[in-house]
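Chemist: Sending over a structure as structure tokens; questions will come in a sec.
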Amino acid sequence: MAGGIDVHAHYITPRLRAAMEAAGHGQPDGMPAIPDWGPEAALAAMDRTGIAAALLSVSSPGVHYGDADAASDLAREVNDEGASLVQAHPERFGLLASLPLPDLPGALAETRHALDDLGADGITLLTSYAGRHLGDPYYEPLMAELDRRRAVVLLHPTSPPCWEATSAGRPRPMLEFPFETTRAVTNLILDGVLDRYPAIRFIVPHAGGALPALADRVAAFALAGGGPPVDVFGALRGLYYDLAGFALPRLLPALLTLTDADHLLYGSDYPYTPDWVVHGLAEALADSDCLTGNGLEPTRRGAAATLFPRLASATSARG
């Protein structure tokens, strides 16, 4: 992965950690603990994996824990802290800002602050907020604003409202996250969001979740629904996908039946995926027969250079 750009990397500031713990998220989404994170440790992990630059974002459960004012304050603080990390390491870090959804006015205000005042490289959105998945008409004003700005948006799964009934006590990233990603992307396609707002560049996490397995079912039901025709496969082909997590050996070959290597991006999911696992997964990806020769280059930095030209230029100059 030498010289690669990581589009799916997380940061955890002391203020964010304290807020999560105070809100009862000390074991976020059923994981054992909030992982340790610091900029120097992150840079060291990137160096070991050959990553030139990483886009930092806040993972699930985001920044809204029930109080809209507190969520707006926390979003502002973690975004400002993220921007400070970028300022300190402009060639190594980028920022995908968090929004205090489901507070829509607060989210619009923070979008303007993040993109105009902080110069954030993009936005991160969870797959659902307060039971509303992306694609719901509630988010239309935000989608219009992101489209106007041609924003890059990283989607990130979160626990569904019914997780107690479906997870059987297991960490939600194991099964719930891939299906939450699939629900959100399906809504964005079938509810026409991608058609209405074509300038938004969406990044789908974790090699598409369950989409490679379920795309044919989605397309069939779209045809049988009796509504306007929907080009499900055309929509899926035009999205970007990060390869964070366990894309090999089965998921990546299936994903490549939906899109091409020009729409694939590297993702580590560090630090929620530990350093040693990140390194092993990156080595497996680099050695995979799925992405040999010219196929590997777009995944390593080509597609990311299209979406994040600032970081691509900085890392190229750095050599």
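Chemist: Count, please, the residues in segment 257-285 that happen to be without any contact (Cβ under 8 Å) to a residue 40 or more places away in the chain and assigned to a loop (DSSP other than H, G, I, E, B).
Modeler: 3
Chemist: Sticking with this one: Could you list all residues from segment 22-44 that are under 19 Å from the mean Cα position of the chain (by Cα) and either assigned to a loop (DSSP other than H, G, I, E, B) or under 22 Å from PHE308 (Cβ atoms) (or both)?
Modeler: MET31, ILE34, PRO35, TRP37, ALA42
Chemist: Filter segment 2-21 down to the residues that are more than 19 Å from the chain's Cα centre (by Cα) and either in contact (Cβ under 8 Å) with a residue 40 or more places away in the chain or part of a loop (DSSP other than H, G, I, E, B) (or both) and list them by number.
Modeler: Listed by number, the residues that qualify are ALA2, GLY3, ARG15, ALA19, MET20.
Chemist: Moving on to the next point. Please find, among ALA165, ALA151, the residue that is in contact (Cβ under 8 Å) with a residue 24 or more places away in the chain and small (Gly, Ala, Ser).
Modeler: Exactly one residue qualifies, and that residue is ALA151.
Chemist: With respect to LEU96, determine if the residue is within 26 Å of ALA184 (Cα to Cα) and among the aliphatic types (A, V, I, L, M).
Modeler: Yes, satisfied.
Chemist: Related question: Inside segment 59-109, can you point out the residues that are within 22 Å of GLY4 (Cβ to Cβ) and β-branched (Val, Ile, Thr)?
Modeler: Scanning segment 59-109 gives a single hit, VAL86.
Rundown of residues vs (1) within 18 Å of THR124 (Cβ to Cβ); (2) touching an Asp or Glu at 6+ places or on another chain (Cβ under 6 Å); (3) at pLDDT below 95; (4) among the basic types (Lys, Arg), yes/no style:
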{"residue": "PRO157", "(1), (2), (3), (4)": "yes, yes, no, no"}
{"residue": "GLU164", "(1), (2), (3), (4)": "no, no, yes, no"}
{"residue": "GLY169", "(1), (2), (3), (4)": "no, no, yes, no"}
{"residue": "LEU175", "(1), (2), (3), (4)": "no, no, yes, no"}
{"residue": "LEU188", "(1), (2), (3), (4)": "yes, no, no, no"}
{"residue": "TYR197", "(1), (2), (3), (4)": "yes, yes, no, no"}
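Chemist: Same structure, new question: Take LEU214 and tell me if it is in contact with a helix residue (DSSP H, G or I) (Cβ under 7 Å, 6 or more places away or on another chain), of a type outside the set (Phe, Trp, Tyr) and touching a residue at least 40 places away in the same chain (Cβ under 8 Å).
Modeler: Spelling it out, it is not the case that LEU214 is in contact with a helix residue (DSSP H, G or I) (Cβ under 7 Å, 6 or more places away or on another chain), of a type outside the set (Phe, Trp, Tyr) and touching a residue at least 40 places away in the same chain (Cβ under 8 Å).
Chemist: Just to be sure before I move on: is TYR241 surrounded by 14 or more Cβ atoms within 10 Å (Cβ to Cβ), touching a Gly at 6+ places or on another chain (Cβ under 7 Å) and under 30 Å from ALA54 (Cβ atoms) in the structure I sent?
Modeler: yes
Chemist: Another question about this same structure. Check segment 98-117 and report whether any residue there is crowded, with 24+ Cβ neighbours inside 10 Å, within 27 Å of THR49 (Cβ to Cβ) and touching a Ser or Thr at 6+ places or on another chain (Cβ under 7 Å).
Modeler: Checked against the condition, which is being crowded, with 24+ Cβ neighbours inside 10 Å, within 27 Å of THR49 (Cβ to Cβ) and touching a Ser or Thr at 6+ places or on another chain (Cβ under 7 Å), segment 98-117 yields at least one hit.
Chemist: Filter segment 61-80 down to residues that are within 21 Å of ASP116 (Cα to Cα), in a helix (DSSP H, G or I) and among the aliphatic types (A, V, I, L, M), then give me how many there are.
Modeler: 4
Chemist: I would also like to ask the following. Between a residue in segment 122-145 that is surrounded by 22 or more Cβ atoms within 10 Å (Cβ to Cβ) and any residue that is of a type in the set (Val, Ile, Thr) and part of a strand (DSSP E or B), which pairs come within a Cβ distance under 8 Å, given they are 6 or more apart or on different chains?
Modeler: Taking only residues 6 or more apart or on different chains, the pairs are GLY122/VAL152; GLY122/VAL153; ILE123/VAL152; ILE123/VAL153; THR124/VAL153; LEU125/VAL153.
The values are calculated or read from the model by the stated rules, or taken from the named source; none is laboratory data. All values reported here derive from a predicted model rather than from experimental measurement. Note: ideal-geometry Cβ built from the backbone for every residue, glycine included; neighbour counts use all protein chains shown.
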